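A.B. asks: Sharing a structure below in structure tokens format, with a few things to ask.
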Amino acid sequence: MKAIVFLGGGRITSALIAGLRLTNFDRPIVVHDRNPKKLQRLKRQYGVLVESDLHRAVDSAQLLIIAVRPDSVGGLLKEIAPRVRQTLTAVSLAAGIPLSKLRAGLNSPVRWARAMPSPVSRSGRGLTALTFDRKVPAAGRAQVRKLFALVGPVVEIPEKQFDAFTVTFSSSHGYHALATLVAAAETIGLDRKTARMAAAHALADGIGVWREGDVPLDELLQEAATPGGTAAAVMASLDGAGYQKLVEQGLRAGVWQARKNARTGFDS
């Protein structure tokens, strides 16, 4: 039976497989990686089939998922190109690598899609953006959507928005904000356990109320920050220090890195 084949056994592969296992996904999953320790860990944790031979892994694929670092994509495609003869859909998870570069590296009979799944997929509550090459048939698109929908919501967006989405939706924002808020709370006098509890409530529970309800975000902000109150003072101080500009600066740095990724590994 043809399989879902991951080329690359790193963190995002692990997160996606963990999420799939929560749904009792029973299709064959094959993982190839040059690191045997990664393969054995995935086999032990999730019962996947492991394949140390790259070409045998590709030959077994019905859906091929490219899950290597952006700077390794070009070399990987060059290596497998002579072996790919069957028609199949390939999905790249590499940030910044556009469909045009993927097609140039591995064209017909391969039909390309890009996916940007969150590591939160391991809990079944991930979010994945998809974009498809125009040559991907309806059945191929449905296959890709169905797979990623098993680990959380799926949104299809134009490729021109992919870099901006990638740097905005990352769960790192939440983790970074949580760590920063906890550290600041400890500095002003909270013990670590209480600081973590308070900061997690501020971020997770507050945003949960917005996601699950129908109250506009600006109204929730006004409700939480009474004029003359402590929350209003905190927000005013952050805004005055350039909070929004700093976040924008960070996102632009991420977009720049994604565009750098698009050049790395393909220009040689």
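The values are calculated or read from the model by the stated rules, or taken from the named source; none is laboratory data. The shown structure was predicted, so the numbers you read here are calculated from the model rather than taken from an experiment. All Cβ positions, glycine included, derive from the backbone under ideal geometry; neighbour counts span all protein chains shown.
A.B. asks: Report the residue count in region 16-36 for those that are among the charged types (D, E, K, R) and either in a helix (DSSP H, G or I) or not assigned by TED's automatic domain parsing to the domain that holds SER121 (or both).
C.D. replies: To start, the set of residues in region 16-36 that are among the charged types (D, E, K, R) comprises 21, 26-27, 33-34.
Now narrow it down to the ones that are either in a helix (DSSP H, G or I) or not assigned by TED's automatic domain parsing to the domain that holds SER121 (or both): 21.
Residues flagged as among the charged types (D, E, K, R) and either in a helix (DSSP H, G or I) or not assigned by TED's automatic domain parsing to the domain that holds SER121 (or both) within region 16-36 amount to 1.
A.B. asks: In region 105-130, which residue that is in contact with a Lys or Arg (Cβ under 8 Å, 6 or more places away or on another chain) and touching a residue at least 60 places away in the same chain (Cβ under 8 Å) is surrounded by the most Cβ atoms within 10 Å (Cβ to Cβ)?
C.D. replies: Applying the filter and picking the extreme gives GLY105.
A.B. asks: Now for a different question. Condition (residue is under 25 Å from ARG27 (Cα atoms), of a type in the set (Gly, Ala, Ser) and surrounded by fewer than 19 Cβ atoms within 10 Å (Cβ to Cβ)) applied to region 93-104: is it met by at least one residue?
C.D. replies: no
A.B. asks: Could you list, in sequence order, the residues of region 162-206 that are small (Gly, Ala, Ser), within 30 Å of LEU99 (Cβ to Cβ) and assigned to a helix (DSSP H, G or I)?
C.D. replies: Once the filter is applied, which keeps residues that are small (Gly, Ala, Ser), within 30 Å of LEU99 (Cβ to Cβ) and assigned to a helix (DSSP H, G or I), region 162-206 yields ALA164, SER172, GLY174.
A.B. asks: From the residues in region 97-135 that are part of a loop (DSSP other than H, G, I, E, B) and either of a type in the set (A, V, I, L, M, F, W, C) or closer than 28 Å to ARG21 by Cα (or both), which one is modelled with the lowest pLDDT?
C.D. replies: As a first pass, look at region 97-135 and keep what is part of a loop (DSSP other than H, G, I, E, B): 97-98, 106-109, 118, 124-127, 133-135.
After this cut, where a residue has to be either of a type in the set (A, V, I, L, M, F, W, C) or closer than 28 Å to ARG21 by Cα (or both) as well, the list is 97, 106, 118, 124-127.
Details: ILE97: 95, LEU106: 89, SER118: 95, GLY124: 94, ARG125: 94, GLY126: 95, LEU127: 97.
Per the criteria, the residue is LEU106.
A.B. asks: Identify the single condition in (1) in a helix (DSSP H, G or I); (2) in contact with a Phe, Trp or Tyr (Cβ under 8 Å, 6 or more places away or on another chain); (3) without any contact (Cβ under 8 Å) to a residue 60 or more places away in the chain; (4) over 22 Å from ASN261 (Cβ atoms) that THR13 does not satisfy, given that it satisfies every other one.
C.D. replies: (4)
A.B. asks: Quick one: would you say LEU39 is farther than 19 Å from LEU106 by Cβ, in a helix (DSSP H, G or I) and in contact (Cβ under 8 Å) with a residue 60 or more places away in the chain?
C.D. replies: Answer is no for this residue.
A.B. asks: Quick one: is ARG27 under 24 Å from ARG111 (Cβ atoms), over 19 Å from the mean Cα position of the chain (by Cα) and of a type in the set (D, E, K, R)?
C.D. replies: Against the criterion (under 24 Å from ARG111 (Cβ atoms), over 19 Å from the mean Cα position of the chain (by Cα) and of a type in the set (D, E, K, R)), ARG27 qualifies.
A.B. asks: Another one. Filter region 175-208 down to the residues that are among the β-branched types (Val, Ile, Thr) and within 24 Å of the chain's Cα centre (by Cα), then identify the one that is surrounded by the most Cβ atoms within 10 Å (Cβ to Cβ).
C.D. replies: This residue is ILE207.
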